[in-house]
Amino acid sequence: MQLVVARIGRAHGIKGEVTVEVRTDEPELRLGPGAVLLTDPASTGPLTVETGRVHSGRLLLRFEGVRDRTAAEALRNTLLIAEIDPEELPEEEDEYYDHQLMDLDVVLADGTEVGVITEISHLPSQDLFIVERPDGTELMIPFVGEIVTEIDLENQRAVIDPPPGLIDDRAEIASARDAETEGE
């Protein structure tokens, strides 16, 4: 199975290093020296990580055979893809790979169907499930413990306890002023 683990950004310096937008929780495992990565577009790879370091909060990588800024800049926006065993699980108990969560049925605690996870969006503050409802509309469900109460891989479902207004019109009035206006 193939997983996108990073996207190459701009060149850094003149010796072939590139910035990397990390898309894995295990960068030391997936992007460490010696790691051989497939690429998208395929014509730019495979690439073998020669060195890696953190500079000003960004991961910098140098690949074998990439020795100057021009070669590094040619890799910009290339996706780095790791080949992993589909049976492999993340190290932490409450962590999941995206492929494990894709196509899970999303249900409420009482079993009411909400939809199916079609995408996972990784934002700086949190991850979001993009859920397609039976009517074809999409919902965004924050992947946080207060809302996603259970991931049941055996039964292929994610159980959620959404706050009012997240998936329906049960939104609560936020201020007394709004209540006064509504009561008139």
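The values are calculated or read from the model by the stated rules, or taken from the named source; none is laboratory data. If you're wondering where the values come from, they're calculated on a predicted model, not measured in any experiment. All Cβ positions, even for glycine, are placed from backbone atoms using ideal geometry, and neighbour counts span all protein chains on display. Note: areas computed on protein heavy atoms with side chains; ligands, DNA, RNA excluded. Shrake-Rupley method; radii C 1.70, N 1.55, O 1.52, S 1.80 Å.
Modelled label-to-label distance, Ala71 and Leu38, 7 Å Cα→beta-carbon offset: nm?
2.4 nm
With the cut-off at 1.5 for a/c, could you classify the range 120-169 from its C-alpha gyration tensor as rounded, prolate or oblate?
Verdict is rounded for the range 120-169.
Apply the Debye scattering formula to the chain, with a single equal point scatterer on each alpha-carbon and no solvent, then give log10 I(q)/I(0) at q = 0.14, 0.16, 0.17 Å⁻¹.
Log-scaled intensity ratios, in q order: -0.85, -0.99, -1.05.
Write down the Kirkwood hydrodynamic radius of the range 1-97, to one decimal in angstroms, obtained as one divided by the mean of 1/r over all alpha carbon pairs.
Value: 13.5 Å, from the Cα pair sum.
For the chain, modelled as a GNM with alpha-carbon contacts under 10 angstrom, which of Val18, Val131, Val144 fluctuates the most?
So, out of Val18, Val131, Val144, the one fluctuating most is Val144.
Give the carbon-plus-sulfur fraction of the accessible surface of the chain in %, rounded to a whole number; probe 1.4 Å, heavy atoms of protein chains only.
Carbon plus sulfur share of accessible area: 47 percent.
Counting only DSSP beta bridges with both residues in the chain, tell me the antiparallel percent, nearest 5.
90 percent
Please give the calculated 222 nm ellipticity per residue for the chain, where each DSSP H segment of at least 4 residues contributes -39500 (n - 2.57) and the sum is spread over every residue; nearest 500 deg cm²/dmol? Intermediate values should be presented prior to the final figure.
Values: 4 runs with 21 residues, N = 184.
Counting only the DSSP helices, I get -2500 deg cm²/dmol.
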